[in-house]
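Since the structure comes first, as structure tokens, the remarks are kept for the end.
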């Protein structure tokens, strides 16, 4: 039986923990905007539902961090601030921007999780199965975002690129630090 590199597993759990927490913070920022400046009860309901899924994902990785004695990324406080700001800012720009924020992040996570799934061997079967399940749920969030108006036309093209670039940078840094 081939064993997954333990350093890789540690990096996977560290970055996934940070990413799921980041997703929660983005949704918290969006909800802050929706509870203060923007009134859209339908969008609020959609975001609250997606946030509840992210909480389940986060709790799983939080437990793995503790169980395996892995140090979380040192940059969690920074990612929290950036996540809340991104969520708030995208929502203030309007529903299309808020939904594009979700779609863009989820498209990066799709590839990220798929890469992890492909690297995990049978010795990490439970972790692999959880990541597969979470990936499916993230793809569902992406589909909802497009159904609710996300697109990459015009100025949204640049917003998509900025969000994806930031997400990829956060992933690279969080794996190591």
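Each value in this text was obtained by applying a stated rule to the coordinates, not by laboratory testing. Worth saying up front: this structure is predicted, and the values here are computed from it rather than measured. Reconstructed Cβ throughout: ideal geometry from the backbone, glycine too, with neighbour counts over all protein chains shown.
Points worth noting:
- Extension gain (nm, one decimal) between residue 139 and residue 115, 0.36 nm per residue minus Cα-Cα: 7.2 nm
- Max mean-square fluctuation residue, GNM over the chain, Cα-Cα springs under 10 Å, options 167, 104, 52: 52
- The convex hull around the C-alpha trace of region 77-124, projected and averaged over every direction, spans 4.4 square nanometres.
- The value of relative contact order for the chain, using C-alpha pairs under 8 Å at least six residues apart, is 32 percent.
- In percent, rounded to a whole number, the relative contact order of region 74-177 is 39, using alpha-carbon pairs under 8 Å and six or more apart.
- Calculated on the alpha-carbon coordinates, the convex hull of region 1-70 measures out at 89 cubic angstrom per residue.
- Global geometry of region 30-76, whether rounded, prolate or oblate, following the gyration tensor of its Cα atoms and the 1.5 cut on a/c: oblate
- Label zone at residue 67, where the point sits 7 Å out along the Cα-to-Cβ direction: region 121-163 residues whose backbone N lies under 15 Å: 123-134
- Taking 0.36 nm per residue of sequence separation and removing the Cα-Cα distance, the residue 169/residue 130 pair yields an extension gain of 11.7 nm.
- Sites residue 55 and residue 2, calculated FRET efficiency, Cβ-Cβ separation with R0 41 Å, nearest 0.05: 0.80
- Over the chain - Rg/Rh using Cα atoms and the Kirkwood inverse-distance radius: 0.98
- Over the residues of the chain, the helix contribution to mean residue ellipticity at 222 nm works out to -29000 deg cm²/dmol, using -39500 (n - 2.57) for each DSSP H run of at least 4.
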